[in-house]
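J.: After the structure tokens below, expect a handful of questions from me.
The values are calculated or read from the model by the stated rules, or taken from the named source; none is laboratory data. Quantities reported herein were computed from a predicted structural model and do not represent experimental measurements. Reconstructed Cβ throughout: ideal geometry from the backbone, glycine too, with neighbour counts over all protein chains shown. The accessibility values were calculated without ligands, DNA or RNA, using every heavy atom of the protein model including side chains. Shrake-Rupley method; radii C 1.70, N 1.55, O 1.52, S 1.80 Å.
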Amino acid sequence: MYFCRHNRQFMKYIIILGDGMADERILELGNRTPLQAAHTPYMDSLARQGRTGRLHTIPEGMHPGSEVANLAVLGYDVKKVLEGRGSLEAASMGIDVAENEMVMRCNLICIEGGKIKNHSAGHISSEEARVLIDYLNEKLETDVIRFYSGVSYRHILKLKDGNKHLICTPPHDVPGTDFTSVLIRPEIPEAQMTADLLNQLIFWSQDLLKDHPVNLRRKAEGKDPANSIWPWSPGYKPQMKKLAEIYPVKSGAVISAVDLIKGMGVYAGLENIKVKGATGLYDTNYEGKAEAALRALKEKDFVYLHVEASDEAGHEGDYALKIKTIENLDRRIVKPVLEETARWDEPVTIALLPDHPTPCRIKTHSADPVPFVIYKPGATPDSVQEYDEFSVENGYYGLLTNDEFIKAVMNS
Ligand SMILES: [Zn+2]
């Protein structure tokens, strides 16, 4: 019987995303980028067998955040669907958000002498934070207001009928600032009541937290007390279609150590797969992630595998470390995925890209296009032989925007 091995209906798809992996030419690396300087035989093999190009992941006028860029990689209209950090993190924590509810990231912070000392309450432990958030709920929870405890200083505040058109200040942007000068302001008159309520909550939380036993103990131990909440990044429930509603994938999974990415996955209809030892740092469990991805791909049609390590190295401006994270991704993720899927009966499309550059020179994200490769078994490769920022400029796809990349991945 005739059987077409590369029939589209049997195709599976995996996107391997190396967060912040793209960079600029670095003098100390002989005017090469970390991707060019790193020894990456498996990424290069993908480039030789696949088709390459560049992708604009940051829409005009938007900040180059990972949530923006990863939504763009999946083809979402970021300006329409982005609702702030709170809603994505809430989803990753399993918190339901109704249509009439507003969610915000709610930090526990440390204020000293009226000034924001730090955005993390001295990186308070999750256990201590949970006691404080429970206490705030005990005193402040109503039909309208509810807190949810998360990890360390990162929590969620949900308000019924809140208006998201607010001007909020991320607390990590303003250490040393008088907190009363960066309280929440309405962006439109209709949001005045929400702003007033949130500022009232900040003051109430300060009264409640200042003499709480957890904080008295922290102070006695020379640690920063968590003596205020700080809500920011407001939003509603994102209006995102599931990938299965748009593309020929019935089921999918996301693997990431980052809450924003996991939350995005929830709204995209992807199952969150937890991997032991996946830290988001250089010591992340690469082998565990690769194994989990392959296992998920056996069951499902699509896997989004996100690895954070190279972004962290970029933020530290450490190009030697960045090279190491890229080589780790090559040898410990790309290699097993490439070799294992080559043995399967079902063909697997493998795509590789960063979400945005995190150049070591500027130690933060940039909005430049990112290099990508799409290896589709059976498709004629382009002439590009290596995977890096510049060689892909000659690739088959050229420069893509909007949903052109995900369509190129999913559609044959
Ligand atoms: Zn990122």
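J.: Name the single residue, out of those in the stretch 139-156 being within 20 Å of the chain's Cα centre (by Cα) and of a type in the set (A, V, I, L, M), that is most open to solvent (accessible area, probe 1.4 Å).
T.: Result: Val151.
J.: Please determine whether any residue of the stretch 375-395 is at pLDDT 95 or above, among the basic types (Lys, Arg) and assigned to a helix (DSSP H, G or I).
T.: No, because not a single residue in the stretch 375-395 is at pLDDT 95 or above, among the basic types (Lys, Arg) and assigned to a helix (DSSP H, G or I).
J.: What pairs come out if I take residues in the stretch 376-392 that are of a type in the set (Ser, Thr, Tyr) and pair them with residues that are not in a loop (DSSP other than H, G, I, E, B) whose C-beta lies under 6 Å away, six or more apart or interchain?
T.: Close Cβ pairs satisfying both conditions: Tyr387/Met43; Tyr387/Asp44; Tyr387/Ala47; Tyr387/Val373.
Yes/no matrix, rows are residues, columns are (1) part of a helix (DSSP H, G or I); (2) free of Cβ contacts under 8 Å to residues at least 60 places away in the same chain:
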position: Ala191; (1), (2): yes, yes
position: Asp207; (1), (2): yes, yes
position: Asp211; (1), (2): no, yes
position: Val214; (1), (2): yes, no
position: Pro238; (1), (2): no, no
position: Glu245; (1), (2): yes, yes
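J.: Another question about this same structure. Which of the following residues is crowded, with 19+ Cβ neighbours inside 10 Å and more than 14 Å from Ile229 (Cα to Cα): Leu132, Leu136, Leu159?
T.: Details: Leu132 fails: more than 14 Å from Ile229 (Cα to Cα); Leu136 fails: more than 14 Å from Ile229 (Cα to Cα).
Answer to the check: Leu159.
J.: Give Gly53, Gly86, Gly94 a once-over and let me know the one that is of a type in the set (Gly, Ala, Ser), away from the ligand (no atom under 16 Å from the Cβ) and free of Cβ contacts under 8 Å to residues at least 12 places away in the same chain.
T.: Details: Gly53 fails: free of Cβ contacts under 8 Å to residues at least 12 places away in the same chain; Gly86 fails: free of Cβ contacts under 8 Å to residues at least 12 places away in the same chain.
Going through Gly53, Gly86, Gly94 in turn, the sole match is Gly94.
J.: Additional query: Those residues that are surrounded by fewer than 19 Cβ atoms within 10 Å (Cβ to Cβ) and more than 16 Å from the ligand (Cβ to nearest atom), I need them from the stretch 357-377; list them, please.
T.: Arg361, Pro377
J.: Out of the residues in the stretch 176-189 that are part of a loop (DSSP other than H, G, I, E, B) and without any contact (Cβ under 8 Å) to a residue 60 or more places away in the chain, state the one that is surrounded by the most Cβ atoms within 10 Å (Cβ to Cβ). Give the derivation first.
T.: Keep residues of the stretch 176-189 that are part of a loop (DSSP other than H, G, I, E, B), which gives 176-177, 183-184, 187-188.
Next cut, without any contact (Cβ under 8 Å) to a residue 60 or more places away in the chain only: 183-184, 187-188.
Values: Leu183: 17, Ile184: 23, Glu187: 15, Ile188: 9.
Checking each candidate, the answer is Ile184.
J.: For the stretch 12-32, give me each residue that is more than 16 Å from the ligand (Cβ to nearest atom) and either modelled with pLDDT under 95 or at positive phi (or both).
T.: If the condition is that a residue be more than 16 Å from the ligand (Cβ to nearest atom) and either modelled with pLDDT under 95 or at positive phi (or both), then Gly30, Asn31 are the ones that fit.
J.: Ok, one more. Can you find a residue that is in contact (Cβ under 8 Å) with a residue 60 or more places away in the chain, closer than 23 Å to Gly65 by Cβ and among the aromatic types (Phe, Trp, Tyr) anywhere in the stretch 262-285?
T.: Within the stretch 262-285, one or more residues are in contact (Cβ under 8 Å) with a residue 60 or more places away in the chain, closer than 23 Å to Gly65 by Cβ and among the aromatic types (Phe, Trp, Tyr).
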